[in-house]
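The values are calculated or read from the model by the stated rules, or taken from the named source; none is laboratory data. Predicted model only: the values in this text are computed from it and were never measured. FYI the Cβ positions are ideal-geometry reconstructions off the backbone, even for glycines, and counts take in every protein chain you see. When the accessible area is computed, the model is the full protein with side chains, heavy atoms only, and any ligands, DNA or RNA have been set aside. Shrake-Rupley method; radii C 1.70, N 1.55, O 1.52, S 1.80 Å.
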Amino acid sequence: MPPDEGTVRELIQAALRDTDPDGPLRWHVISLLRQRGDLESFIEARRLCAADTVAERLLGVDIMGMLRPFVDRTLPVLRYLAASEDDAMVLYSVLIAFGHLADPRSLPSVIDLAGHLDARVRYGAAYALQHVLGDPPDRAGLATLRTLATDSDADVAGWASLGVALRAAHSTGSAGT
C-alpha cells in the first residue's frame, strides 16, 4: 500500500524504492508532494536534483515540475540541469517539467534541447514548446516546433505537429475575439 503521510524525506524514500520512472508508487508520492506544495517539498526536490544518481535527479525533476508555487525558484534549477545534464531521461523529464510549469522563461532551454541526438529528448522538447511559447508565441519557438514536426522520429514529429496545429487553432480562435 502506498504511503499517504509521513515526512517529505520518508515519502521520497518510498518513491525511490519504485524503480519504474512511470511506477504507481513513485507518482503517488509525487502527487502527494504536489498537494502539499510546501517549501520543504521544494527544498527536498532541489536537493535531489543535485544528487549523484540518475534516479534521484529524475525524481527531483519530476517533483519540481509539479510545484507551480515555486516556479521562480524551480526554473533556475531546471535550466541549469538542461544545460549540464548528460542523461537523456533526466533531460526528457526536465522538458516535461518545463511544459507543466508553462513558463516562457524556459523557452531558450527548450529550444537548445530540441536538436538533441536522443529522440526522447526531442519528444520532451516537442511537448514543452507548445506550453512555453508565450502569447503572442515566440517566433524562434514556433520555428523550432515546426522543425520538430518534420523530425525523423514519428513520435517526435507527431507530437510537434499536434503542437503546431493547436497553436494555429489558438491563433485563429483568438483573432476573432
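This table checks each residue for (1) open to solvent by 50 Å² or more (accessible area, probe 1.4 Å); (2) within 16 Å of the chain's Cα centre (by Cα); (3) within 15 Å of Ile96 (Cα to Cα).
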{"residue": "Leu117", "(1), (2), (3)": "yes, no, no"}
{"residue": "Ala128", "(1), (2), (3)": "no, yes, yes"}
{"residue": "Ala140", "(1), (2), (3)": "yes, no, no"}
{"residue": "Thr144", "(1), (2), (3)": "no, no, no"}
{"residue": "Gly158", "(1), (2), (3)": "no, no, no"}
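Suppose the filter is open to solvent by 20 Å² or more (accessible area, probe 1.4 Å), of a type outside the set (Lys, Arg) and under 20 Å from Leu91 (Cα atoms); does Thr7 pass it? Steps first, please.
Working: open to solvent by 20 Å² or more (accessible area, probe 1.4 Å): yes; of a type outside the set (Lys, Arg): yes; under 20 Å from Leu91 (Cα atoms): no.
Considered against the rule, which asks whether it is open to solvent by 20 Å² or more (accessible area, probe 1.4 Å), of a type outside the set (Lys, Arg) and under 20 Å from Leu91 (Cα atoms), Thr7 comes out as no.
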Hey, does the stretch 57-80 have a residue that's outside any helix (DSSP H, G or I), out of contact with any Ser or Thr (no Cβ under 6 Å at 6 or more places or on another chain) and either modelled with pLDDT under 95 or open to solvent by 60 Å² or more (accessible area, probe 1.4 Å) (or both)? no
Near pairs, Cβ below 8 angstrom, 6+ apart or cross-chain, from the stretch 21-33 (in contact (Cβ under 8 Å) with a residue 24 or more places away in the chain and at positive phi) to any residue that is loosely packed, with under 15 Cβ neighbours inside 10 Å and in a helix (DSSP H, G or I): none
Could you check Val156 against (1) touching a residue at least 12 places away in the same chain (Cβ under 8 Å); (2) part of a helix (DSSP H, G or I); (3) out of contact with any Phe, Trp or Tyr (no Cβ under 6 Å at 6 or more places or on another chain) and say which number it fails? (3)
